[in-house]
């Protein structure tokens, strides 16, 4: 276990290449595995999540070869190799996508290696949808370990709840084109993180899959007997991880440039740029490059966080130092991540000296432009997004923050602290 000490740092300066997108990498890895030929993915992300997908598709029969620039995958199509157990590590999206794909096999058990994190997260909504297709599933009140007994699925009408996570819907969208009969998917209740469903549909279309989606993304018609095409894919830069770097630049005096962030990306977290503009942070965004000339002065904002779920914690960290009261609403799904990203995160912010309140689906931040005290040890609850956001707060605290178990940042951004150091941030690993 490794902690990080974040020492207040008044100025950041430098240029970085944004990390490759974790979300797109995991999806490209999956569609390449579901193709029957050889696909090439350029600039794939390296993180615990994407590495978990690499490991699992290899276990299911894909051939995976990689060099510094690309990964070449020969897929297993609709016939994964029989496998008794799969270990997805702490990767929730990988688990949910592969629970659907495991339904093509006769008997696979997903083990529980992170009982205090992924092991606590519920998957009942996906379990219910897969059971509608005839899959037999053994589980622990919707949680890991989960045994999938599938094979012989046909297709048909399926309902799925979108209240907790859009990943359940995405999982069905990856599976149903491979079934012998047509399928209709209806989303019940609300659908969280619609933007991320858009990413799934974008990748499926690139892979040659045809899906008819309603305009509101609440119903889908999927032709059966489709085949994933072997293709070449290029992974774009990652906005969720970059959000924390941009927030760090916003709360300090800075001259920071990030490359590989497409202006027209379907990643909802690209809204970090718009939110920082609303906070009156001096920045520009053109030709895939974001340039921040931070002066440490920020204004409060109100923002609907559902469209940018994985950037909200970084936005909140910036708002800690804004003039006025900020409100981030429609964010209840933050409660169902690696930790409760409302209650747990705000508890740690308070320890550091922030003035924050929570509602069931809102985060209220009473800004402290003068800064926060710091000088405490805080618990990031094994959550990579919490670690990154708390680091932003530490850069502007009066005294150092010690973040426990900060090595869990590797789930999505293994070189986050290396990147911050390259910009001049004073961060130090300690045992």
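Some observations on this one:
Table: residues versus (1) at pLDDT below 95; (2) surrounded by fewer than 24 Cβ atoms within 10 Å (Cβ to Cβ).
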residue	(1), (2)
297	no, yes
304	no, yes
320	no, no
323	no, yes
339	yes, yes
384	no, no
398	no, yes
409	no, no
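- Elements of the type strands (runs of 3 or more DSSP E) sitting completely within the stretch 160-272 and holding at least 2 residues that are surrounded by fewer than 16 Cβ atoms within 10 Å (Cβ to Cβ), touching a strand residue (DSSP E or B) at 6+ places or on another chain (Cβ under 6 Å) and at pLDDT 95 or above: these cover 183-191, 219-222, 232-234, 253-259.
- Matching residues, the stretch 354-410, being assigned to a loop (DSSP other than H, G, I, E, B) and under 19 Å from residue 298 (Cβ atoms): 354, 367, 368, 369, 370, 371, 396
- Enumeration of residues in the stretch 50-59 that are crowded, with 23+ Cβ neighbours inside 10 Å and either at pLDDT below 95 or touching a strand residue (DSSP E or B) at 6+ places or on another chain (Cβ under 9 Å) (or both): 50, 56, 57
- In the stretch 273-295, residue surrounded by the fewest Cβ atoms within 10 Å (Cβ to Cβ) [restricted to those that are more than 21 Å from residue 237 (Cβ to Cβ) and in contact (Cβ under 8 Å) with a residue 40 or more places away in the chain]: 295
- So residue 148, is it within 23 Å of residue 77 (Cβ to Cβ) and either part of a helix (DSSP H, G or I) or more than 24 Å from the chain's Cα centre (by Cα) (or both): yes
- Per-region count, the stretch 145-154, residues buried (at least 21 other Cβ atoms within 10 Å of the Cβ) and in contact with a strand residue (DSSP E or B) (Cβ under 6 Å, 6 or more places away or on another chain): 2
- Subset of the stretch 330-353 (residues that are farther than 15 Å from residue 163 by Cα and outside any helix (DSSP H, G or I)): 338, 339, 340, 341, 342, 353
- Checking 44, 8 one by one, the residue that is farther than 24 Å from residue 96 by Cα, in contact with a strand residue (DSSP E or B) (Cβ under 9 Å, 6 or more places away or on another chain) and modelled with pLDDT of 95 or more is 8 and no other.
- Residue count, the stretch 96-129 (criterion: surrounded by 15 or more Cβ atoms within 10 Å (Cβ to Cβ), at pLDDT below 95 and under 22 Å from residue 191 (Cβ atoms)): 1
- Residue under evaluation residue 41, criteria (1) assigned to a strand (DSSP E or B); (2) surrounded by fewer than 23 Cβ atoms within 10 Å (Cβ to Cβ), criterion not met: (2)
- Hits in the stretch 278-305 - residues which are within 18 Å of residue 346 (Cβ to Cβ) and touching a helix residue (DSSP H, G or I) at 6+ places or on another chain (Cβ under 8 Å): 300, 301, 303, 305
Here is a yes/no grid of residues against (1) under 21 Å from residue 200 (Cα atoms); (2) in contact (Cβ under 8 Å) with a residue 12 or more places away in the chain; (3) touching a helix residue (DSSP H, G or I) at 6+ places or on another chain (Cβ under 8 Å):
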{"residue": "15", "(1), (2), (3)": "no, yes, no"}
{"residue": "25", "(1), (2), (3)": "yes, yes, yes"}
{"residue": "37", "(1), (2), (3)": "yes, yes, no"}
{"residue": "59", "(1), (2), (3)": "no, yes, no"}
{"residue": "73", "(1), (2), (3)": "yes, yes, yes"}
{"residue": "83", "(1), (2), (3)": "no, yes, yes"}
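The values are calculated or read from the model by the stated rules, or taken from the named source; none is laboratory data. All values derive from a computational prediction rather than experimental measurement. Every residue, glycine among them, receives a Cβ derived from its backbone with ideal geometry; neighbour counts consider all protein chains shown.
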